[in-house]
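Trainee: I have a structure here, written as structure tokens, and I will follow up with some questions on it.
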Amino acid sequence: MKKFIGLNWKMNPVSFREAKMLVHIAKKIKKHKAAIFPPFVFIAEIRFPLGNRISIGAQDFYYETKGAFTGEVSLPMLKSLGVKYVLIGHSERRAMGEMNAIIAKKLKAALVAGMIPLLCVGEPWSVRKKGRQAAEAYVKRQLKEAFKRIRLSKGSRAPIVAYEPIWAIGTGRACSVFDAVKMSKFIKGTIKVPPSKGKMTSIVLYGGSVDAKNVNSFLAQKEIDGALVGGASADLKKLRELAKVL
Ligand code: PGA
């Protein structure tokens, strides 16, 4: 079954030349649906080399549509470039001070604008080490806060949630497949979208030190609908290895 592979380049690469090389490699992903999340500055230029098999996403945006918000980028701007997905609440942005109230505004704005939001949630190690229930309670709170302004109704577009435990991001220490499956099930059970014919309830990805070696063990699980890849998506060698197994 086709799954979703999000390639979150973060603040990489440092040149447009290398960005084009990464795009070239990402296009080799054949078995799954992929979306690249490049830094804003590359979006306009790389959308053409992307073709129509790979979508484009943004790593962030501002929830107002236009106006006096120096340095910000709005959803209509991104939409006009063909951006389809937007990341919201990535732990690196949360660490920079993005609060739950802002995340809730962004989630609402993205849905209103007709974008597909990819909401990131995940617990720190201090919570995970207390056990599964503590991790679930933490994630549940994040979901509750993020969805505060939203009422999902029958036929609502299935939200995408990326479970990214903070301790697994960029550490080389991925979550166990067992725990990722458990959390994915928990998230699906928490976000209750009234089922409508032919629609999935919610889509849950796993992210955190995903690479060529472990990606297929996550994708093989029916409860996990895809992966959000950071480090391994913005390095030429690692992306080449990853694309080979996807
Ligand atoms: P990582 O990052 O793959 O480098 O761990 C994942 C992410 O932050 O989305």
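Trainee: Of the candidates 67, 226, 114, which one comes out as most mobile in a Gaussian network treatment of the chain with C-alpha springs shorter than 10 Å?
Mentor: Evaluated over the chain, the most mobile residue of the options is 67.
Trainee: Could you count how many Lys pairs in the stretch 73-156 have their Cα atoms under 25 Å apart, skipping same-chain pairs fewer than 8 positions apart?
Mentor: Going through the stretch 73-156 pair by pair, I get 29.
Trainee: Run the simple label-point estimate for residue 141 and residue 244 please: 7 Å along Cα→C-beta, distance reported in nm.
Mentor: Placing both labels 7 Å beyond Cα along the Cβ direction yields 4.4 nm.
Trainee: Would you mind telling me which residue in 221, 142, 59 has the biggest mean-square fluctuation in a Gaussian network model of the chain, where springs connect alpha carbons within a distance under 10 angstrom?
Mentor: Its mean-square fluctuation being the largest, the pick is 221.
Trainee: Right, something else. Could you calculate the FRET efficiency of residue 11 with residue 130 from 1/(1 + (r/R0)^6), where r is the beta carbon distance between them and R0 is 35 Å, rounded to 0.05?
Mentor: Taking R0 as 35 Å, the efficiency between residue 11 and residue 130 is 0.65.
Trainee: Here is a further query. Let me cross-check residue 136: its accessible surface, 1.4 Å probe, with only protein heavy atoms counted, in Å² to the nearest 10?
Mentor: Spelled out: residue 136, probe radius 1.4 Å, area about 30 Å².
Trainee: List the residues, sorted by chain then number, that are 5 or more residues from residue 62 or on another chain and whose placed amide H is less than 5 Å from its amide H.
Mentor: When sequence neighbours closer than 5 places are left aside, the close amide H contacts are 73, 74, 75.
Trainee: Shifting gears a bit: Rounded to the nearest 0.05, what FRET efficiency is calculated for residue 30 and residue 68 with R0 set to 30 Å and r the Cβ-Cβ distance?
Mentor: Result of the calculation: an efficiency of 0.10.
Trainee: Roughly how many percent of the accessible protein surface of the chain is carbon and sulfur, given a 1.4 Å probe and a whole-percent answer?
Mentor: Numbers: 6850 of 12270 Å².
Ligands and nucleic acids excluded, carbon and sulfur give 56 percent.
Trainee: In whole Å, what three semi-axes, largest first, describe the equivalent ellipsoid of the chain built from its Cα gyration tensor (square root of 5 times each eigenvalue)?
Mentor: After diagonalising the Cα gyration tensor, the semi-axes are 25, 23, 18 Å.
Trainee: Hey, if you put +1 on the Cβ of every Lys and Arg and -1 on every Asp and Glu Cβ in the stretch 1-118, which of 39, 116, 100 ends up farthest toward the positive end of that dipole?
Mentor: My answer, from the dipole projection, is 116.
Trainee: Could you derive backbone 3J(HN,Hα) for the stretch 75-91 from the dihedral phi with the Karplus parameters 6.51, -1.76 and 1.60 (θ = phi - 60°), listing whole Hz in sequence and x where the residue is Gly or Pro?
Mentor: Result, ordered by residue: 5, x, 4, 5, 4, 5, 9, x, 6, 10, 10, 9, 7, 9, x, 4, 4 Hz.
Trainee: Amide H to amide H under 5 Å from residue 37: which residues, 5+ apart in sequence or cross-chain, H placed 1.01 Å off N in plane?
Mentor: 7, 8, 9, 57
Trainee: Here's another thing I want to ask about it. Taking only protein heavy atoms into account and a 1.4 Å probe, give the accessible area per residue of the chain in Å². Mind showing how you got there, number by number?
Mentor: Values: 12270 Å² over 246 residues.
Ligands and nucleic acids excluded, the result is 50 Å² per residue.
Trainee: Please list, in order along the stretch 121-128, the HN-Hα scalar couplings obtained from phi with the Karplus expression 6.51 cos²θ - 1.76 cosθ + 1.60 (θ = phi - 60°), rounded to whole Hz, x for Gly and Pro.
Mentor: 9, x, 9, x, 4, 4, 8, 4
The values are calculated or read from the model by the stated rules, or taken from the named source; none is laboratory data. Keep in mind it's a predicted model, so treat the numbers as computed, not measured. Every residue, glycine as well, gets a Cβ built from its backbone with ideal geometry; the counts of neighbours run over all protein chains shown. Surface accessibility is based on the protein's heavy atoms, side chains included, excluding ligands, DNA and RNA. Shrake-Rupley method; radii C 1.70, N 1.55, O 1.52, S 1.80 Å.
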